[in-house]
Structure formats: C-alpha cells, structure tokens
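Here the structure is laid out as structure tokens; the discussion comes afterwards.
The numbers here are math on the coordinates, done by the rules we state, and not lab data. Computed from a predicted model, the values in this text were never measured in an experiment. Here Cβ is always computed from backbone atoms with ideal geometry, including for glycine, and neighbour counts include all displayed protein chains.
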Ligand code: HEM
Ligand code: HEM
C-alpha cells in the first residue's frame with residue numbers, strides 16, 4: 001500500500017478543483033445579486049422615497065414590492081447555498097484554501113438567516129429597528145466580502161492562469 005507523506009497530502013489537497021461549473025457559478029452570482037439589490041431597493045424606498053402626505057407619511061410602492069422580491073431572492077439563495085454545501089463548501093474546507101473569507105461567508109450567511117428569521121417571526125414593534133439594522137448593515141457588507149472571497153480564492157488556485 002502506498003503511504004503518503006504529509007507533504008504529498010498537502011499537495012493533493014491543494015489540487016482539489018474547487019472551481020464551479022459555469023451554470024452553477026452564474027446561478028450563485030445571480031441569486032446573491034438579486035438578494036443584495038432587493039434589500040438595497042427597500043432601503044432606498046423606506047428612507048428616501050417616503051413622502052409626507054395629508055395623513056402622515058405615504059409608503060412608496062417600491063417598498064412592499066422590493067420585500068416581495070427579497071423573499072423570492074432569499075428562497076433562491078438558500079437553494080443555491082444548499083447546492084454549494086458538498087460541491088464547494090465541504091471540499092474547500094478540507095482543502096484548507098481561502099479559509100478566512102470562506103468562514104467569513106459561512107458566518108455572515110448564518111447571521112443573515114438568523115436575523116432574517118428574527119425580522120419575520122420574532123420582531124415586535126419596539127425591537128424591530130434593532131433586528132432591521134443588524135440585518136441590513138451586515139447584508140450590505142456581504143457584497144464586499146463576497147467579491148473579496150472570490151478574488152482571494154482564485155489567487156490560491158494553482159491551475160488558474162494569473
Ligand atoms: C441569506 C441571506 C438573507 C436572508 C435569509 C434574508 C432574510 C430576510 C427576511 C426573512 C426579511 C424579512 C422580510 C419581511 O419582513 O417581509 C428580510 C428583510 C430585509 N433584508 Fe434580508 N435576508 C438576507 C440577505 C440580505 C441582504 C444581503 C441584504 C442587503 C441589503 C438584506 C436586506 C434586507 C432589508 C433592508 C430588509 C428589510 C428590513 C426591515 O423590514 O426592517 N437582506 N431579509
Ligand atoms: C456561503 C459560503 C460560500 C459561498 C456562497 C462561496 C462562493 C464561492 C464562489 C461563487 C466562488 C467562485 C467560484 C469560481 O470561480 O468558480 C468561490 C471561490 C472559492 N471559494 Fe467559496 N464560497 C463559500 C464558502 C467557502 C468556504 C467555506 C471556503 C473554504 C474554506 C471557500 C473557498 C473557496 C476557494 C478556495 C475558491 C477559489 C476557487 C478556485 O478558483 O479555485 N468558499 N466561492
């Protein structure tokens with residue numbers, strides 16, 4: 001039987017191919033983009049487009065529509081996150097590549113799921129602003145983290161032309 005040295009094992013781990021197939025990568029990009037865009041659209045409608053009317057503030061139609069879109073984007077995103085579990089996340093953790101932003105992605109996604117759940121099922125009138133701010137501040141930052149994750153991840157790929 002062939003026994004591997006620590007060095008050979010490390011080299012083998014480095015060569016696990018973690019690049020996603022094109023259709024899969026595009027689906028992940030599209031669902032995350034829709035998630036971010038719908039969240040941002042709600043923020044614009046809520047904080048910039050409300051107008052003072054005769055009976056108090058009037059809600060802009062974009063506000064409820066952007067949340068419906070957000071709900072749809074959430075469902076798509078969770079579906080594709082599930083699809084990455086084995087194909088990407090588990091194998092990438094084993095390969096030990098891109099660990100910092102990889103764990104960052106896992107933790108931020110779990111945080112967004114938890115605070116999204118909180119907004120939908122737990123938040124009451126008084127504590128809603130806290131859930132809301134925690135959720136969207138981290139949500140907006142996720143866009144930057146995702147870009148960083150991909151740029152740094154590609155640099156660790158020994159097969160990619162640089
Ligand atoms: C997997 C990630 C995410 C999940 C599971 C999630 C889930 C949710 C849920 C369940 C709601 C409540 C909807 C409602 O009350 O009708 C919500 C609201 C919201 N989400 Fe997300 N979301 C995620 C990512 C994001 C991102 C990336 C942003 C970026 C800006 C964002 C921004 C918002 C905003 C602004 C609201 C409205 C907050 C409020 O009602 O005060 N979310 N999200
Ligand atoms: C929520 C979790 C995650 C998401 C949504 C995600 C998403 C992605 C996407 C879309 C890419 C670009 C793939 C390509 O260019 O084909 C990528 C690259 C990469 N990710 Fe993740 N990832 C996640 C978690 C992780 C974790 C936990 C690790 C490792 C510890 C990791 C390591 C990598 C590496 C090494 C690359 C570069 C792949 C290459 O080009 O060789 N990712 N990630």
* Relative to the first principal axis of the alpha-carbon coordinates of the chain, what is the inclination of helix 128-155, with its axis defined by its Cα atoms, in degrees from 0 to 90 and to the nearest 10? -> 30 degrees
* To do: Would you mind computing, in nm to one decimal, how far apart the modelled labels at residue 7 and residue 50 are, each placed 7 Å from Cα along Cα→Cβ?
  => 6.5 nm
* What is the helix-to-structure angle for 99-117, meaning the angle in degrees between its Cα long axis and the longest Cα principal axis of the chain, kept from 0 to 90 and rounded to the nearest 10? -> 30 degrees
* Report, to two decimal places, the Cα Rg of segment 99-158 normalised by 2.2 N^0.38 Å (N = number of residues). => 1.38
* Relative contact order of segment 95-145, pairs being alpha-carbon contacts under 8 Å that are 6 or more residues apart, as % -> 46 percent
* Structure fact -> Expected unfolding gain across residue 85-residue 21 under the 0.36 nm per residue rule, minus the alpha-carbon gap, is 21.6 nm
* Structure fact -> With Cα springs under 10 Å, the Gaussian network model of the chain assigns the largest mean-square fluctuation among 60, 70, 135 to 60
* To do: Could you grab the relative contact order for the chain? Cα pairs under 8 Å, six or more apart, rounded to a whole percent.
  => 27 percent
* To do: Tell me the Kirkwood hydrodynamic radius of the chain in angstroms, computed as one over the mean inverse distance between distinct C-alpha pairs.
  => 18.1 Å
